[in-house]
Amino acid sequence: MPPTVVCLQMPGGIAMKSLIIKRSLKLSGRTTSIGVEDDFWSSLREIAKARQQTLSHLVSSIDAERKHANLSSAVRLFVLGFYRNQLAAQPNSSIRDGGSCDPRAEALVV
């Protein structure tokens, strides 16, 4: 499926383009489309590989435990939580109790 370009109207009348990549995945026996930016797809693949999971399995677990109606938003928040937790796990990190992170997004220490 070709990328979908979404134009966002910013304050001051400035329009920004966001390249949303839609992909279809099979989650719990059903096919669903998820649209997020390519950086989020890359991050999801990295996280799945580090956990030795398929992308579908990782997104299925995000889907099963999400607290938001929108799966694309839940995916973005999961990736954000994963990397925030990774930073917080580093010695001398300035990220300490700076908001809630997704507890399923354990830090990957490399």
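Things to note:
- Residue within region 88-108 that is modelled with pLDDT of 85 or more, surrounded by 10 or more Cβ atoms within 10 Å (Cβ to Cβ) and of a type in the set (Lys, Arg) present: no
- Scanning region 35-46 for residues that are surrounded by 14 or more Cβ atoms within 10 Å (Cβ to Cβ), in contact with a helix residue (DSSP H, G or I) (Cβ under 7 Å, 6 or more places away or on another chain), not in a strand (DSSP E or B) and not small (Gly, Ala, Ser) yields PHE40, LEU44.
- Count - residues of region 59-87 that are closer than 16 Å to ASP39 by Cα and of a type in the set (A, V, I, L, M, F, W, C): 8
- Test result for ILE47, within 17 Å of the chain's Cα centre (by Cα), β-branched (Val, Ile, Thr) and either on the phi > 0 side of the Ramachandran plot or modelled with pLDDT of 95 or more (or both): yes
- Residue ID - modelled with the lowest pLDDT, chosen from residues in region 1-26 that are among the charged types (D, E, K, R) and closer than 22 Å to LEU80 by Cα: LYS17
- Index of the failed condition, GLY29 passing every other in (1) surrounded by 10 or more Cβ atoms within 10 Å (Cβ to Cβ); (2) modelled with pLDDT of 85 or more; (3) small (Gly, Ala, Ser): (1)
- Counted residues, region 47-77 - those being part of a helix (DSSP H, G or I), among the charged types (D, E, K, R) and surrounded by 14 or more Cβ atoms within 10 Å (Cβ to Cβ): 2
The values are calculated or read from the model by the stated rules, or taken from the named source; none is laboratory data. Please read these numbers as outputs of a predicted model, since none were measured by experiment. Cβ sites come from the backbone with ideal geometry, for glycine too, and all protein chains shown count toward neighbours.
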